[in-house]
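Worksheet for the structure shown next.
The values are calculated or read from the model by the stated rules, or taken from the named source; none is laboratory data. From a predicted model like this one, the values you see are computed outputs, not experimental measurements. Quick reminder, even Gly has a Cβ in these numbers, built from the backbone with ideal geometry, and neighbours come from all protein chains shown.
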Amino acid sequence: MALTATVYNLDTELADIDRSVYETLAIRMARQPSETADYMLVRYLAYCLEYAEGIAFTEGVAAGGEEPAVLVRDLTGRITGWIEVGMPAADRVHRGMKKAGRVAVYTHRAVGQVLAQLNGQGIYKAGDIPVYEFGAGFIEEVAATIDRRAKVSVSVTERQLYLDVDGQTFTTSINEHHFA
């Protein structure tokens with residue numbers, strides 16, 4: 001018998017001061033059986049940190065690698081943002097940049113490994129693609145506390161992330177890197 005996804009309901013207060021985005025979100029996301037808690041948390045944070053009209057989680061892991069973790073579409077349905085999580089393959093990043101014109105990568109892996117894997121791979125407009133990493137141990141620590149139902153407050157100011165998960169507070173910096 002195949003395992004099914006676990007649904008997480010994250011009632012989220014988002015205050016991204018850097019981008020002047022203030023929203024109350026009822027985020028419902030599925031964690032696939034093959035998805036680690038760390039990956040799911042980074043996918044959630046990428047959604048929050050990239051939040052814009054038309055943003056949506058994709059089938060991601062369940063889609064067999066054809067879609068990124070998060071997509072942003074405009075009102076016509078055109079893809080305007082391609083958000084990858086983890087350590088994406090160069091061809092996916094290249095395809096995303098050609099389709100959307102804007103790609104971002106959020107990783108819970110060693111950023112040096114991600115950059116080394118993508119550097120020199122002929123990715124369209126590679127220098128324009130940010131690769132974001134969180135402080136050491138942050139993702140693992142927070143992922144261990146997330147329940148299937150949680151109240152979460154996400155605040156960002158000057159690339160510092162403040163996270164409150166059901167009364168537990170966490171903070172880290174969001175570091176931006178680029179590859180060639």
query = Do any residues in the range 123-139 that are at positive phi have Cβ atoms under 8 Å from those of residues that are not polar (S, T, N, Q), where the two are at least six apart or on different chains, and which pairs are they?
reply = Lys125/Met97
task = For the range 53-72, indicate whether the set of residues that are at pLDDT 95 or above, surrounded by fewer than 19 Cβ atoms within 10 Å (Cβ to Cβ) and of a type in the set (Gly, Ala, Ser) is non-empty.
result = yes
inquiry  = Can you tell me which residue is surrounded by the most Cβ atoms within 10 Å (Cβ to Cβ) among those in the range 108-119 that are out of contact with any Phe, Trp or Tyr (no Cβ under 7 Å at 6 or more places or on another chain) and touching a residue at least 12 places away in the same chain (Cβ under 8 Å)?
reply    = Val114
task = Could you list all residues from the range 22-57 that are small (Gly, Ala, Ser) and either closer than 18 Å to Glu140 by Cα or part of a strand (DSSP E or B) (or both)?
result = Ala26, Ala30, Ser34, Ala37, Ala46, Ala56
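Only one of these is touching a strand residue (DSSP E or B) at 6+ places or on another chain (Cβ under 9 Å), touching a residue at least 40 places away in the same chain (Cβ under 8 Å), surrounded by fewer than 19 Cβ atoms within 10 Å (Cβ to Cβ) and within 14 Å of Val154 (Cβ to Cβ): Glu13, Glu50. Name it. First the steps, then the outcome.
Details: Glu50 fails: surrounded by fewer than 19 Cβ atoms within 10 Å (Cβ to Cβ).
Unique residue meeting the criteria: Glu13.
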inquiry  = Residue under question is Val114, and the condition is that it be out of contact with any Gly (no Cβ under 7 Å at 6 or more places or on another chain), in a helix (DSSP H, G or I) and at pLDDT below 95; does it hold?
reply    = yes
query = Conditions: (1) crowded, with 17+ Cβ neighbours inside 10 Å; (2) not in a helix (DSSP H, G or I). Val142 meets all but one. Number of the miss?
reply = (2)
task = State all residues of the range 73-96 that are more than 24 Å from Tyr44 (Cβ to Cβ) and either of a type in the set (D, E, K, R) or buried (at least 21 other Cβ atoms within 10 Å of the Cβ) (or both); if no residue qualifies, say none.
result = Arg78, Asp91
ask   = Of everything in the range 63-88 that's in a loop (DSSP other than H, G, I, E, B) and in contact (Cβ under 8 Å) with a residue 12 or more places away in the chain, which residue is nearest to Leu49 (Cα to Cα)?
value = Ala69
message = I'd like the full set of residues that are among the small types (Gly, Ala, Ser) and loosely packed, with under 15 Cβ neighbours inside 10 Å, limited to the range 120-135.
response = Gly120, Gly122, Gly127
